[in-house]
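**Q** Here it is, the structure in full.
Read-outs: derived from the displayed coordinates by stated rules, not from any lab. None of the values given here were measured: they were computed from a predicted structure. Neighbour counts run over all protein chains shown; Cβ positions are idealised from the backbone, glycine included.
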Amino acid sequence: MAYKIAVLPGDGIGVEVMREALKVLDRVASKFGVEFEFKEALIGGAAIDAKQDAFPDETKEVCDWADAILFGAVGGPKWENLPPEKQPERAALLPIRKRYGLFANLRPAIVFPALIEASPLKKEILGDKGFDILVVRELTGGIYFGTPKGIFEEDGKRKGIDTLIYYDWEIERIARVAFEAAGKRRKKVASIDKANVLNAMVLWRDVVNEVAKGYPDIELSHYLVDNAAMQLIRNPHQFDVILAGNMFGDILSDEAAMLTGSIGMLPSASVNESKKGLYEPVHGSAPDIAGQNAANPCAMILSAAMMLRYSFDLEDAAKAVEKAVESVLNEGFRTKDLYTGKEGEILVGTSEMGDRIAERI
Ligand code: IPM
Ligand code: MG
């Protein structure tokens, strides 16, 4: 049986990093005796240009067919003047998340030992081992999707409305994902809310406490989101799994990513209850370096590794890919974003980085 993969390179460096991820997956197929079937489709700005739609029907068909979706990146200056709801990021990503119920967004923020100096944190804070945090973000609810939503007119004045709603079952299922993940890690969950102000977040805290009763070996703590933002910088080591709603998770996952200092290394997964998932690098389409063979393909390749793990249950293959990335870094190979000119570093382009990683599998 072949695993079916929708390949959506998108815009900018999305196209370049996707090529390298496919290279690596070909290698995985031959090394691990598995079969992948790929179908490519347009998404984001590329789809707007060709079909006047960031997520056109042809692409929906390919994604419906697939077991997992590999997503490059979307957006760029060319589409920046479109109305906000038509912009590639929002018009491509939000409908895909909703269509497949991809409620669980996993965003690891890991400082790789070879890249520890890239972190903007002081040595006294970071120590010599870096950190490894997993942000578990709820992705199909909360203020992103609650209604009423829109800009309305009232007595000659305009008002913008977004609605923060969480149902208990939405909180419960994302909390379970976080507790399960923590069980395989350092057994700590930090739940993020704003229970001092927002009703939906009072419910959030309450439901998370209930779910925690089923996981007696996991240590749960609650953080108000503003405090969590400070604590991440003050001492990232206190966090293992961070559990957050859609908007707070959006913000804190970017903060955690920045603290690693190497956003070109960070993958993400968005999965639903039947393990269908969308896998994308955390970085965007980086139009400033697109087409120069300068992009770092590691985040895309590590996203493919997450796909092997979470959608296909191919843990050994996933580990092999992650190990290959680490080996290549340890050998000194660096794309431009990571290159500091220090002795032992070897500057390589996107495709050579991909070749090296594929070879190590
Ligand atoms: C992300 C992005 C998206 C989000 C935007 C582009 C809609 O910031 O994936 O984190 O807010 O979810
Ligand atoms: Mg974001």
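**Q** Taking the simple approach of a point 7 Å from Cα along Cα-to-Cβ for both Asp316 and Lys184, what is their distance in nm?
**A** Each label point lies 7 Å from its Cα, and together they span 1.7 nm.
**Q** Separate question: Roughly how large, in nm² to one decimal, is the mean projection of the convex hull of the alpha-carbon atoms in segment 17-86?
**A** 5.4
**Q** Rounded to the nearest 500 deg cm²/dmol, what is the calculated helix-only ellipticity per residue at 222 nm for the chain, with -39500 (n - 2.57) per DSSP H run of length n ≥ 4?
**A** After summing the helix terms and dividing by residue count, I get -12000 deg cm²/dmol.
**Q** Multiply the residue separation of Ala2 and Asn199 by 0.36 nm, subtract the distance between their alpha-carbon atoms, and state the gained length in nm to one decimal.
**A** Between Ala2 and Asn199, full extension yields 66.3 nm more.
**Q** Work out Dmax and Rg for segment 120-260 from the C-alpha atoms and quote the Rg first, both in angstrom.
**A** 16.7, 60
**Q** Now for a separate question. I'd like to compare 144-157, 70-83: which one has the highest average count of other Cβ atoms within 10 Å, and what's the full order after that?
**A** 70-83, 144-157
**Q** Something else: Please report the antiparallel percentage of DSSP beta bridges with both residues in the chain, rounded to the nearest 5.
**A** Here the antiparallel bridges make up roughly 40 percent for the chain.
**Q** Per 0.36 nm of contour for each residue apart, how much would the distance between Arg99 and Thr340 grow if the chain were fully extended, relative to their Cα-Cα spacing?
**A** Stretched out fully, the Arg99 to Thr340 stretch lengthens by 82.5 nm.
**Q** Can you tell me how much longer the chain between Lys149 and Asp206 gets when fully stretched, taken as 0.36 nm per residue apart minus their C-alpha distance, in nm with one decimal?
**A** Extra length available between Lys149 and Asp206 comes to 17.9 nm.
**Q** For the chain, what is the largest minus smallest coordinate of the Cα atoms on each principal axis, given in angstrom and ordered from greatest to least?
**A** Principal extents (Cα only, largest first): 58, 50, 42 Å.
**Q** According to a simple spin-label model (label point 7 Å from Cα along Cα-to-Cβ), what is the distance in nm between Lys129 and Glu273?
**A** Going from the Glu273 label point to the Lys129 one covers 3.8 nm.
**Q** Per-residue counts of other Cβ atoms within 10 Å, averaged by peptide: what ranking do you get for 341-350, 110-119, 320-329, highest first?
**A** So the peptides 341-350, 110-119, 320-329, ranked by packing, come out 320-329, 110-119, 341-350.
**Q** Given a Förster radius of 41 Å and the C-beta distance between Gln231 and Glu37 as r, what FRET efficiency does 1/(1 + (r/R0)^6) yield to the nearest 0.05?
**A** The calculated FRET efficiency here is 0.40.
**Q** Give the Debye-formula value of log10 I(q)/I(0) at each listed q (0.11, 0.12, 0.20 Å⁻¹), with one equal scatterer per alpha carbon of segment 243-344, two decimals each.
**A** -0.39, -0.47, -1.16
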